[in-house]
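The values are calculated or read from the model by the stated rules, or taken from the named source; none is laboratory data. All of these numbers come straight from a predicted model, not from anything done at the bench. Positions of Cβ are backbone-derived with ideal geometry, glycine not excepted, and every protein chain shown enters the neighbour counts. Just the protein is used for accessible areas: all its heavy atoms, side chains included, with ligands, DNA and RNA removed. Shrake-Rupley method; radii C 1.70, N 1.55, O 1.52, S 1.80 Å.
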Amino acid sequence: MSFVAVVPLAAVATLSCKAPMPSAEAQWRQDRAEAVRSALPADARKTFAPLRFYDFDPAYRMRAMLEPERPPQPLTLGASDGSFRPAHRVGRVRLRFPSGEATLGVYQLDDLAAEYPDMLFLPFRDAGAGKETYGAGRYVEVDRLSGGVLAIDFNRAYNPDCAYGIAAQCPITPEENTVPFAVRAGELTPAGHD
């Protein structure tokens with residue numbers, strides 16, 4: 001006698017569509033959680049809830065050409081503590097997300113440029129902000145590749161330290177980097193903010 005398992009088609013589709021998380025991604029998430037936990041005051045570490053993330057999705061790993069601004073545009077970004085951080089918009093990237101397309105500004109923070117001259121910064125706020133993701137937006141780091149190409153992995157989008165009560169000058173996402181759809185990748189709203 002043989003048995004046949006009957007599985008609803010929706011369950012099959014759900015199981016087959018979830019990409020396995022690469023070990024490097026799992027390690028990054030573990031390191032990120034430890035960095036946040038270690039930056040908290042000692043008493044807050046005792047009640048620190050694990051970081052929450054969307055499932056890994058390779059569709060949010062992107063490469064795009066930087067459309068440079070020549071010369072880079074000086075500006076100031078408001079910060080969470082009421083101060084301002086001098087920065088330069090070095091250009092823009094046009095990105096195709098699973099939910100739509102967006103053009104986002106890419107910045108270099110002047111106060112970090114001497115120590116990290118190649119560091120590019122991409123803050124963004126999506127339609128999930130204040131619901132699924134942190135209300136003030138999230139950040140994603142940008143890797144420079146050859147020929148003006150940038151690698152951007154939104155699976156590694158992270159909340160500002162300020163989202164966890166860590167005292168810092170967290171840049172506030174500029175209005176130009178607000179996208180009208182949800183970016184369902186990276187860190188979710190910290191526990192207790194929903």
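Can you tell me which residues in region 124-156 are farther than 17 Å from Val90 by Cβ and of a type in the set (Lys, Arg)? Within region 124-156, Arg125, Lys131, Arg138, Arg156 qualify. Looking only at region 133-187, residues that are over 21 Å from Asp118 (Cβ atoms) and assigned to a strand (DSSP E or B) come to 4 in all. Taken together, the residues in region 62-98 that are touching a Phe, Trp or Tyr at 6+ places or on another chain (Cβ under 8 Å) and either at pLDDT below 95 or open to solvent by less than 30 Å² (accessible area, probe 1.4 Å) (or both) amount to 6.
Selection of region 104-114 for residues being closer than 22 Å to Gly148 by Cα and either open to solvent by less than 60 Å² (accessible area, probe 1.4 Å) or acidic (Asp, Glu) (or both) yields Leu104, Gly105, Val106, Tyr107, Gln108, Leu109, Asp110, Leu112, Ala113.
Can you find even one residue in region 115-124 that is within 23 Å of Gly192 (Cβ to Cβ) and surrounded by 13 or more Cβ atoms within 10 Å (Cβ to Cβ)? Scanning region 115-124 turns up at least one residue that is within 23 Å of Gly192 (Cβ to Cβ) and surrounded by 13 or more Cβ atoms within 10 Å (Cβ to Cβ).
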